[in-house]
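The values are calculated or read from the model by the stated rules, or taken from the named source; none is laboratory data. Computed from a predicted structure; not experimentally measured. Cβ placement follows ideal geometry from the backbone for every residue including glycine, while neighbour counts extend to all protein chains displayed. To get the accessible areas, we keep the full protein, side chains included, count just its heavy atoms, and leave off ligands, DNA and RNA. Shrake-Rupley method; radii C 1.70, N 1.55, O 1.52, S 1.80 Å.
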Amino acid sequence: MIISTGTRAALEPTPGLAEAQPLTHVEALELDQIPEHLIVIGGGYVGLELSQAMRRFGSKVSVIDRNDRLLHREDEDVSEGLRSLFEDEGIDIVLNARIKSVSGKSGEAVKILIERKGVSQTLEGSHLLIAAGRTPNTADIGLELAGVELTDRGYVKVNERLETTAPGVWALGEVAGSPQFTHISFDDFRVFRDDIAGGNHATTGRQVPFCLFTDPEFARVGLSETEAKKQGIAYRLFKIPMEDVLRARTLSETRGFLKALVEADGDRILGFAGFAVDAGEIMGSVQIAMIAGLPYTALREAILTHPTLLEGLNPLFASVPSVPHQSIQMADRHQERDRSEKKLA
Ligand SMILES: Cc1cc2nc3c(=O)[nH]c(=O)nc-3n(C[C@H](O)[C@H](O)[C@H](O)COP(=O)(O)OP(=O)(O)OC[C@H]3O[C@@H](n4cnc5c(N)ncnc54)[C@H](O)[C@@H]3O)c2cc1C
């Protein structure tokens, strides 16, 4: 048996929130009117994509997030790029906000009381969209009767072969806590398919590419700078603004950047991120190079058609990389050690 019941929009127990009957992405996509003023709770993927779309349809839009920047797990230049994009489009961004209570009803009038750094503030709008995370669909379907255990966060507990704690029961996709993308749910299916046929396919170590479908898009595969720093992985950073990509100029779509992390002591590509027109498509080519284990120099020297967006990979990998990041820290640590050894002497 397979459990693949997915997730749904999470609704925090904020006073008045459930009574306000907020839209989730499901209702938002079925609206037959343009909200006059849409307040969006959540500056993640769903919140950002729908905010920009609704703004472009003509709504006034305010996005509230509890963190100090949009897409807060991504690198700061990504958050900053999105912030300036949204501000240029006239979307209000309210960060560091704790929602204290909600009153009114979405579709009529809503009031949100928030606190920002100890200061109370009220936001008023006509519609409310909740896009503040997901909840697994695991309650009330008798999983406990079948011996299927859940994690602390309510997802089905699985191993790297997506087997649950009940023999002969697998869980696939978001309900199993897999990264929340359609292509990952599909890959979970491949893991199951291969294992049930006697193979040995696991979810460990797989690539998780993704794309935020704003305009321009944000796409990433492999390590971000934030992740590389956290894991202590030394890298050289190659980064160019989209003005350096000739196709972006012909399209008059020069907002954003491309960047790639290359290992410090070799030519392997560790990660790629693009905040750019068609970034998802550009990323795909770098991802294939990564799968093939090509050195970054192969993309630097490749003869790529002019003028296409992919041609931008030539200037990206021909740009002057940063000094390897971790080695700066290592050098600092060595200097510190030398200083303390001198003091001891
Ligand atoms: C607004 C939005 C935009 C997104 N955009 C993208 C995107 O651009 N690219 C991307 O890769 N991912 C995107 N995602 C994520 C993507 O939709 C999910 O990762 C993917 O659908 C997960 O697949 P799944 O099979 O785990 O769950 P789902 O696709 O959610 O399927 C679960 C199914 O189980 C059903 N179900 C639930 N409970 C029961 C029950 N008790 N009995 C029977 N059936 C039940 C549900 O109704 C649903 O049909 C987006 C998500 C949202 C919300």
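Below are the figures for this structure:
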{"read-out": "Mean Kyte hydropathy of 0.5 or more with a Cα span along the axis of at least 15 Å, helices from DSSP in the chain", "value": "279-292"}
{"read-out": "Most to least packed among 136-143, 232-239, 214-221 [average Cβ atoms within 10 Å]", "value": "214-221, 232-239, 136-143"}
{"read-out": "For the stretch 1-40 and the stretch 257-276, distance of Cα centres in Å", "value": "36 Å"}
{"read-out": "Dmax and Rg, reported as Rg then Dmax, of the chain (C-alpha, Å)", "value": "23.2, 77"}
{"read-out": "Cut-off under 5 Å, modelled amide H: who pairs with ASN67 long-range", "value": "ASN96, ALA97"}
{"read-out": "Carbon and sulfur %, accessible surface of the chain computed with the full protein complex present, 1.4 Å", "value": "52 percent"}
{"read-out": "Accessible area of SER126 in the full protein assembly, 1.4 Å probe (Å², nearest 10)", "value": "10 Å²"}
{"read-out": "Of LEU261, GLN231, MET283, farthest towards positive along the dipole that unit charges on Lys, Arg, Asp, Glu beta carbons give the stretch 210-328", "value": "GLN231"}
{"read-out": "Accessible area of the chain divided out per residue, in Å², using a probe of 1.4 angstrom", "value": "52 Å²"}
{"read-out": "The stretch 155-186-the stretch 97-147 distance, computed between alpha-carbon centres (Å)", "value": "27 Å"}
{"read-out": "Helix-derived mean residue ellipticity, 222 nm - over the chain, DSSP H n ≥ 4, -39500 (n - 2.57), to 500", "value": "-8500 deg cm²/dmol"}
{"read-out": "Spatially proximal lysines relative to LYS60 (Cα-Cα < 29 Å; intrachain offsets below 8 disregarded)", "value": "LYS100, LYS105, LYS111, LYS117"}
{"read-out": "Debye log10 I(q)/I(0) at q = 0.15 Å⁻¹ for the stretch 8-134, Cα point scatterers", "value": "-0.62"}
{"read-out": "Relative contact order of the stretch 183-335, defined on C-alpha pairs under 8 angstrom at six or more residues apart (%)", "value": "24 percent"}
{"read-out": "Residue with peak Gaussian network fluctuation, the chain [Cα springs, cutoff 10 Å], from VAL148, VAL323, VAL119", "value": "VAL119"}
{"read-out": "Ranked order, ILE130, ILE303, ILE99 - accessible area, probe 1.4 Å, largest first", "value": "ILE303, ILE99, ILE130"}
{"read-out": "Accessible area in the full protein assembly, largest first, 1.4 Å probe, for THR5, THR250", "value": "THR250, THR5"}
{"read-out": "Contact order relative to length of the stretch 8-134, as percent, for alpha carbon pairs under 8 angstrom and 6 or more apart", "value": "37 percent"}
{"read-out": "DSSP beta bridges in the stretch 8-134 [antiparallel fraction, %, rounded to 5]", "value": "55 percent"}
{"read-out": "Mean separation of Cα contacts under 8 Å, 6 or more apart, over the residue count of the chain: relative contact order %", "value": "14 percent"}
{"read-out": "Per-peptide average of other Cβ atoms within 10 Å, ordering 162-172, 81-91 highest first", "value": "162-172, 81-91"}
{"read-out": "Candidate residues PHE189, PHE257: accessible-area rank, largest first, probe 1.4 Å", "value": "PHE189, PHE257"}
{"read-out": "Beta bridge orientation in the chain: antiparallel %, DSSP, nearest 5", "value": "75 percent"}
{"read-out": "Choice from ALA131, ALA273, ALA289 with maximal GNM fluctuation in the chain (Cα, 10 Å cutoff)", "value": "ALA289"}
{"read-out": "Dipole magnitude of the chain about its Cα centre (Cβ charges: Lys, Arg +1; Asp, Glu -1), debye to nearest 20", "value": "820 debye"}
